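Q: Have a look at the structure that comes next, please.
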Amino acid sequence: FSIQLIRNDGLNSTLSMKKVEDDAASLDINVNTVTNILKQGYNPTTLNQYFYSLQYTCTVGSEKSTGVFSFENTKINHVSLSKTDKEKNPILKVLFYKDIYVPDNATIAEWVSHLILDGDKTILLKLLQIFDKRIVDITTIVDNKIPYVYVILTDKQKLPITYMGDGINKMMQLLLCVLTTPQGIVLIDELENGFHYSVYANILRVLYAAALQVQCQLFITTHNIDILRKSSHVMKQMNALDKLSYQRIDFTKGQRKAYPFSGEELENALDIEMEVR
């Protein structure tokens, strides 16, 4: 595929990527991931044919660079094929959150354990208490060599977090994705799914505060006008409206064009009830 960006400042860029064979590629994938792969119709006896590298060519103005991205277990390797050694940008950690690709229980338990060890579980508890005020603590417990996340209630009762409902589990997963991706990127598809509109503001406030705290950039898709309104309101309350950007993608005459709005422009558009979705 090839993507061309036509910029207002006249400095245009093009990114082209293609699959190339990579016999050395390997993925250390868990049971949940394999199950999701099989649900999509892939033959388990021929999984190796789905392992490939991506070779890219990137042109920005008169500058051109080439290279290859390949996979080794859970890491992404990058090899520059350019003649000059100008590519010094680090590979950022990127997480993609979509319901079908939710992290497995062992991964969630590991993330919670790291937060507890680092002394950063307060923000996680704050979020969980939005859903259930009885929650006073969170911990991990290993049973038959399998780790689980448990919450502790005001009456000292301990319950697996999975018993607390889909909404609280989804929000915990989202927050853990952010807190474990400092200075990285988290992609969230249709954030509003699975939540009642009455908790939008609280969810966004905690999620955005966490992202600002660890300098994690969020890319969120939504079809919900309330998510846009609450995002603008929450970021303004946190004096971080300048950190919010809204991109509206328009499709006209066979072409897609992005129309960017700053946080302040989005707020003004919503105030006058302009259609921004």
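Q: Would you confirm whether or not the stretch 238-254 contains a residue that is open to solvent by 100 Å² or more (accessible area, probe 1.4 Å), within 22 Å of the chain's Cα centre (by Cα) and among the hydrophobic types (A, V, I, L, M, F, W, C)?
A: The answer is yes, given that some residue of the stretch 238-254 is open to solvent by 100 Å² or more (accessible area, probe 1.4 Å), within 22 Å of the chain's Cα centre (by Cα) and among the hydrophobic types (A, V, I, L, M, F, W, C).
Q: While we're on this one: Specify the residue that is most open to solvent (accessible area, probe 1.4 Å); the eligible residues are those in the stretch 143-158 that are of a type outside the set (A, V, I, L, M, F, W, C) and closer than 21 Å to GLU110 by Cβ.
A: Filtering first and then ranking leaves LYS145.
Q: Only one of these conditions is not met by ASP189: (1) free of Cβ contacts under 8 Å to residues at least 60 places away in the same chain; (2) open to solvent by 30 Å² or more (accessible area, probe 1.4 Å). Which number is it?
A: (1)
Q: Something else now. Does the stretch 96-103 contain any residue that is assigned to a strand (DSSP E or B), touching a residue at least 60 places away in the same chain (Cβ under 8 Å), open to solvent by less than 80 Å² (accessible area, probe 1.4 Å) and closer than 20 Å to GLN215 by Cα? Steps first, answer last, please.
A: As a first pass, look at the stretch 96-103 and keep what is assigned to a strand (DSSP E or B): 96-97.
With the extra rule that they be touching a residue at least 60 places away in the same chain (Cβ under 8 Å), the set shrinks to 96-97.
Imposing the further condition that a residue be open to solvent by less than 80 Å² (accessible area, probe 1.4 Å) reduces the set to 97.
When the remaining residues are screened for being closer than 20 Å to GLN215 by Cα, the result is 97.
Within the stretch 96-103 (the criterion being assigned to a strand (DSSP E or B), touching a residue at least 60 places away in the same chain (Cβ under 8 Å), open to solvent by less than 80 Å² (accessible area, probe 1.4 Å) and closer than 20 Å to GLN215 by Cα), the answer is yes, since at least one residue qualifies.
Q: Which one is least open to solvent (accessible area, probe 1.4 Å), of the residues in the stretch 114-128 that are over 20 Å from the mean Cα position of the chain (by Cα) and in contact (Cβ under 8 Å) with a residue 24 or more places away in the chain?
A: ILE116
Q: Among the numbered criteria (1) under 20 Å from ASP120 (Cα atoms); (2) open to solvent by 30 Å² or more (accessible area, probe 1.4 Å), which single criterion is violated by GLY194?
A: So the condition that GLY194 fails would be (1).
Q: Right, something else. If you go through the stretch 244-277, how many residues are part of a helix (DSSP H, G or I) and under 26 Å from HIS196 (Cβ atoms)?
A: Residues in the stretch 244-277 being part of a helix (DSSP H, G or I) and under 26 Å from HIS196 (Cβ atoms): 6 in total.
Q: Can you name the number of the only condition in (1) in contact (Cβ under 8 Å) with a residue 40 or more places away in the chain; (2) of a type in the set (S, T, N, Q); (3) surrounded by 12 or more Cβ atoms within 10 Å (Cβ to Cβ) that GLN183 fails?
A: Among (1) in contact (Cβ under 8 Å) with a residue 40 or more places away in the chain; (2) of a type in the set (S, T, N, Q); (3) surrounded by 12 or more Cβ atoms within 10 Å (Cβ to Cβ), GLN183 violates only (3).
Q: Something else about it: List the number of the failed condition for SER113; all other conditions in (1) in a helix (DSSP H, G or I); (2) touching a helix residue (DSSP H, G or I) at 6+ places or on another chain (Cβ under 6 Å); (3) among the hydroxyl-bearing types (Ser, Thr, Tyr) hold.
A: Of everything listed in (1) in a helix (DSSP H, G or I); (2) touching a helix residue (DSSP H, G or I) at 6+ places or on another chain (Cβ under 6 Å); (3) among the hydroxyl-bearing types (Ser, Thr, Tyr), SER113 misses just condition (2).
Q: May I ask you to verify whether GLY263 is on the phi > 0 side of the Ramachandran plot and either of a type in the set (A, V, I, L, M) or open to solvent by less than 70 Å² (accessible area, probe 1.4 Å) (or both)?
A: Here the answer is no, as GLY263 does not meet what is asked.
Q: Restricted to the stretch 140-173, and to residues that are in contact with a Ser or Thr (Cβ under 9 Å, 6 or more places away or on another chain) and not aliphatic (A, V, I, L, M), which residue is nearest to VAL199 (Cα to Cα)? Break it down stepwise before answering.
A: First pass over the stretch 140-173, keeping only residues in contact with a Ser or Thr (Cβ under 9 Å, 6 or more places away or on another chain): 140, 147-152, 158, 169.
If we keep only those that are not aliphatic (A, V, I, L, M) too, we end up with 140, 147-148, 150, 158, 169.
Values: THR140: 26, PRO147: 29, TYR148: 26, TYR150: 23, LYS158: 25, ASN169: 14 Å.
Applying the filter and picking the extreme gives ASN169.
Q: Across the stretch 166-180, what is the total count of residues that are open to solvent by 10 Å² or more (accessible area, probe 1.4 Å) and in contact with a helix residue (DSSP H, G or I) (Cβ under 9 Å, 6 or more places away or on another chain)?
A: 6
Q: Give the stretch 129-142 a look and list any residue that's among the charged types (D, E, K, R) and open to solvent by 90 Å² or more (accessible area, probe 1.4 Å), or say none.
A: Matches in the stretch 129-142: LYS133, ARG134.
The values are calculated or read from the model by the stated rules, or taken from the named source; none is laboratory data. Note that the coordinates shown come from a computational prediction; the quantities given were computed from them, not determined experimentally. Here the Cβ is made from the backbone with ideal geometry for all residues, glycine too, and neighbour counts use every protein chain on show. Only protein heavy atoms, including side chains, enter the accessible area calculation; ligands, DNA and RNA are left aside. Shrake-Rupley method; radii C 1.70, N 1.55, O 1.52, S 1.80 Å.
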